[in-house]
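What follows is a short report on a single structure.
The values are calculated or read from the model by the stated rules, or taken from the named source; none is laboratory data. Just so we're clear, the structure is a prediction, and the values are computed from it rather than from any experiment. Here the Cβ positions follow ideal geometry from the backbone for every residue, glycine too, while neighbour counts run over all protein chains shown. SASA here: full protein model, heavy atoms, side chains in, ligands and nucleic acids out. Shrake-Rupley method; radii C 1.70, N 1.55, O 1.52, S 1.80 Å.
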Amino acid sequence: MSFAKASSRRDFLKSGALAGIGAAVLPVGRTLGEIRSSSVMPKAGPIAISSRNGQRSVLKAIEMIQSGADALDAVIAGVNIVEEDPKDMSVGYGGLPNEAGAVQLDSCVMHGPSCRAGGVAALEGIKTPSKVAKLVLDRSDHVLLVGLGAQRFAQMHGFKIEDLLTDRARERWVEWKEGLSNRDDYLPPHSMEDKDIGENIEDLERHWGTIHCSAIDLAGNISGVTTTSGLAFKIPGRVGDSPIIGAGCYVDNEVGAAGSTGRGEANLENLCSFLIVERMRMGDSPEQACLYACERIASHTKLARLLDDEDRPNFTVSFYALNKAGEVGGAQIWGGRGQFAVADANGGRLVEMAYLYARTTMR
Ligand code: ASP
């Protein structure tokens, strides 16, 4: 089974991997009102979804699920591929460091059938924070461990501490340090109306990146994982949305799963993965629920420095969801080029994401 190498959706559509797949895909760029009444074709598991950078992950997850694996073990093994890849600068080994040059990783996992969760934040020295998050779930009475405590816990269970800063990531960090101006995350005192304060997100090639993966296994059980090196060059100790249950990932075995990538601060203030699962519980399709979360963030963004000239957020967040029936969907605040990865027994495909606003120059 393969996920055809595709640089664009069109290339991917040409590949054989799509043959025979009943895709639960909705057209992009539709408003929430337009799509609320539409229906998507239910398709039971096994199925796995992830952010676009998880094309290898969803295939791995499906391969394991077809051999009888639990969905949580499958999605973790899937994201481990990206965590261990030194070329991916947004997750695990090779991830871009914080302001001080330390790679600090965030991850959480959630297991649908047992309703349990585990997470680690600001974890240094271990390539696969998702495995440590699972260890927190399995071998402690806690849900979230951070920093040195998380590292010591992992060491106690045999994880080796390694240097995660690759030369490529270090060189990017040095370049950023040498170009410092207002391009950091410290803010002087300011008011709600101050616009030109701190970094101008819109103008910056600020590096965001994360992988979320969730799946339904052969038993119909649902689990999810999100893992990241977080915002590049962040203030040391900064924790994003990725390791926070309800923000970066949430699963309800009777409803579905959701996860996120993008500006974690906006998601932390709105707990969108939980929101998306609750919207699906109320009857939204995965795509409708993801779009609802985008609208929630947009309506809750009040600070002038985070708004463009038309009072829209000047940042983006992306959401991915699947429901108990195997329907999938994704949406982002700024879109037009966004896709997410899906795999089932027939292979992998990329699916276009819905969006609130059409992207012009923004990532
Ligand atoms: N959501 C992640 C964070 O805020 C970053 C990302 O997805 O790009 O840490």
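The table below gives the values:
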item: Solvent-accessible area per residue for the stretch 63-144 (1.4 angstrom probe, square angstrom); result: 32 Å²
item: The stretch 300-363, accessible surface, carbon-and-sulfur percent (1.4 angstrom probe); result: 43 percent
item: Square roots of 5 times each gyration tensor eigenvalue, C-alpha, the stretch 214-304, largest first, Å; result: 24, 18, 8
item: Distance violations [Cα-Cα > 30 Å] among 127/177; 134/195; 87/131; 60/177; 234/324; 60/302; result: 134/195; 60/177; 234/324; 60/302
item: Set of the stretch 265-288 residues, backbone N closer than 17 Å to the point 7 Å along the Cα-Cβ line of residue 303; result: 265-271
item: Largest to smallest accessible area among 173, 334 [probe 1.4 Å]; result: 173, 334
item: Residue 281-residue 175 FRET efficiency (beta carbon distance; Förster radius 35 Å; 0.05 resolution); result: 0.15
item: Note, ³J(HN,Hα) from phi for the stretch 336-342, Karplus 6.51, -1.76, 1.60, rounded to Hz, x at Gly and Pro; result: x, 10, x, 9, 10, 9, 9
item: Student exercise, the stretch 38-152 dipole from Lys, Arg, Asp, Glu Cβ charges, in Debye to nearest 20; result: 200 debye
item: Integer Hz, Karplus 6.51/-1.76/1.60 couplings in order for the stretch 321-333, x for Gly and Pro; result: 8, 9, 10, 4, 7, x, 6, 10, x, x, 8, 9, 5
item: Neighbourhood net charge (11 Å Cβ-Cβ; Lys/Arg +1, Asp/Glu -1) for residue 267; result: -1
item: Added length on full extension, which subtracts the Cα-Cα distance from 0.36 nm per residue, residue 185 to residue 155; result: 7.7 nm
item: Accessible surface of the stretch 57-174, 1.4 Å probe, proportion on carbon and sulfur as whole %; result: 50 percent
item: Distance between modelled label sites at residue 63 and residue 114, nm, 7 Å Cα→Cβ extension; result: 2.6 nm
item: HN-Hα J in Hz across the stretch 59-67 - Karplus 6.51, -1.76, 1.60, θ = phi - 60°, x for Gly and Pro; result: 5, 4, 4, 5, 4, 5, 5, 5, 8
item: Sequence-separation-based contact order of the stretch 70-164, relative, with Cα cut under 8 Å and 6+ spacing, percent; result: 23 percent
item: Local net charge near residue 215, Cβ-Cβ under 12 Å (Lys/Arg +1, Asp/Glu -1); result: -4
item: Distribution of pairwise C-alpha distances over the stretch 268-363, 10 Å bins, in %; result: 17, 45, 30, 8, 1
item: Which of 274, 340 is most accessible, then next, and so on - probe 1.4 Å; result: 274, 340
item: Heavy atoms of residue 165 accessible to a 1.4 Å probe, total area in Å² rounded to 10; result: 40 Å²
item: Listed residues 124, 254 arranged by accessible area, highest first, probe 1.4 Å; result: 254, 124
